[in-house]
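Notes to accompany the following structure.
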Amino acid sequence: MSIKSDIFDTDAVPWRPDQPHNGLPDLPPQPDVEAKAVLKQCITARAALAELRQAAELIPNQSVLISTLPLLEAGASSEIENVVTTADRLFQHAHDEERADADTREALRYRRALFEGYRALATHPLTTRTAEVVCSRIKGVEMSVRRLPGTALRNQVTNAVVYTPPEGESLLRQKLANWERFMHEATELDPLVRMAVGHYQFEAIHPFTDGNGRTGRVLNSLFLIEQELLTLPILYLSRYINTHRPDYYRLLLRVTTHADWDAWILYMLRAVEETARWTTDKIAAIRALQAHTADFVRQALPKIYSHELVDLVFERPYCRISDVTDRGIAKRQTASVYLKQLVGIGVLAEQAIGNEKLFIHPKLMRMLTTEHNAIDRYPVA
C-alpha cells in the first residue's frame with residue numbers, strides 16, 4: 001500500500017516503501033522544528049553535555065577515557081547492526097585485531113573510524129568525504145557514494161521492504177551537499193536539533209551500500225565535537241539507541257511517512273541527555289576507582305608503585321607485558337614481576353590465552369560493563 005505524503009514542496013509524489021525515495025525533501029525541514037517541547041529538552045540535554053565535558057576535562061589522564069569509552073560505543077553501535085561481540089573480546093583485542101573474530105574486528109574498525117574522524121576535525125569540517133572515509137574504515141574496504149540501484153531496507157522478521165532510499169549518484173551527492181550546508185549553515189537552530197535532523201537525513205539518503213547506520217552515529221559524535229559541545233569522542237550514545245532500538249527505527253520511518261520531526265528530535269535529545277548523564281557518572285566512578293587503586297598499590301607495593309603503572313592498567317584493562325615495556329615503565333622481566341605482584345594483591349587477574357598471558361583488571365571491567373558505579377574496595381593494606 002502506498003502512503004500519500006503531503007510534505008513535499010515540489011510536485012507531490014506518493015511515497016512507497018518499495019520505490020526509491022527520490023522525492024526526499026531537502027533540509028531544513030518544513031515547518032519549524034523547534035517546538036516548545038524541543039527547546040525545553042535542548043536545555044536539559046545541553047546541560048548534561050556541559051557536565052560531561054567538564055568531567056572529561058577534569059580527569060587527570062584522559063587516555064583512560066579515550067581507551068575505554070569509545071570501545072563500549074563501538075560494541076553497542078555495531079550491535080545495532082547485528083554485528084555482535086563482547087566487551088571482553090573488544091578489550092582483549094583492542095591492540096591485537098588480527099587475532100580477533102570477524103565481528104570483533106568490525107567493531108574495532110568502528111573505533112578506528114571514530115578516532116580518524118576526530119583527528120580530521122583539526123583540519124576540516126564534516127563533509128561527504130568525511131562520511132566516505134568513516135564508512136571505509138568501518139567496512140575495511142573503500143566505500144563511496146552508491147552508484148548502482150537495488151538498495152532497500154527490509155524488516156528483519158517479515159523480510160518486507162520498509163524503505164527504499166534515493167537512487168542515482170548525482171542525486172545522492174546533491175542531497176549530501178544539502179545535508180552539509182544544513183549542518184554548518186543553519187545556525188539559527190540549536191546544534192543538537194541540527195544533529196538530530198541531520199542524522200535522520202543522512203540515514204534517509206543512505207549513501208552507501210552498507211555501514212550507513214554506524215557511519216551516521218560516528219558523525220553524530222564528530223558533530224558535537226565540531227560544535228564544541230564535547231572535546232572528546234566519549235558520548236556512549238549507542239547504548240541508549242540499543243536499549244530503545246524499536247523506537248529508533250520506528251521514529252526514523254515516521255519522519256518519512258508523516259514528517260513527525262518533533263517525536264524524532266525529542267528521542268535524540270533524550271538520548272543525548274541520558275547518555276551524557278550516564279557517562280558523567282561512569283567517569284566519576286572510574287576516577288574514584290583509580291584514586292582508590294593508586295592508594296592501595298602505593299601502600300601494598302611501595303617498591304613498584306608508580307602513577308604510570310596505575311594509569312596503564314586503567315588504560316588497558318587487558319594488559320600485556322609488552323604494554324609495560326613499551327611505556328618504558330620496566331624491562332620485560334621486571335615488567336612481568338610487576339604485573340604478577342599486582343595479581344598477588346588482587347588488582348589484576350592473570351589469564352593465559354593460547355601462548356599469551358593477559359593481565360585483566362576485573363574491578364574496572366565490571367564497572368565498565370555493568371550499570372553499577374559503586375567502588376568495589378580493596379582491603380586495607
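So the values come out like this:
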{"quantity": "Segment 286-381: GluC sites (Glu not before Pro) in DSSP loop, at most 12 other beta carbons within 10 Å", "calculated": "Glu371"}
{"quantity": "Within the chain, longest stretch clear of exposed trypsin sites (Lys or Arg not before Pro) (DSSP loop, no more than 14 other Cβ within 10 Å)", "calculated": "148-302"}
{"quantity": "Cα convex hull of the chain - mean projected area over all directions, nm²", "calculated": "20.1 nm²"}
{"quantity": "Computed FRET value (nearest 0.05) for Ile43 with Asn355, which takes r as the C-beta separation and R₀ as 51 Å", "calculated": "0.40"}
{"quantity": "Low-density loop cleavage sites - chymotrypsin sites (Phe, Trp or Tyr not before Pro) in segment 190-224, where at most 15 other Cβ are within 10 Å (DSSP)", "calculated": "none"}
{"quantity": "Whole-number percent relative contact order across segment 302-381, with pairs defined as alpha carbons under 8 Å at least 6 apart", "calculated": "26 percent"}
{"quantity": "Distance histogram in 5 Å bins (all Cα pairs of segment 142-293, percent per bin)", "calculated": "2, 8, 16, 20, 19, 15, 9, 5, 3, 2, 1, 0"}
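All of the numbers you see were taken from the coordinates with simple rules; none came from a lab. Fair warning: this is a prediction, and the values are worked out from it, not measured in the lab. All Cβ positions, even for glycine, are placed from backbone atoms using ideal geometry, and neighbour counts span all protein chains on display.
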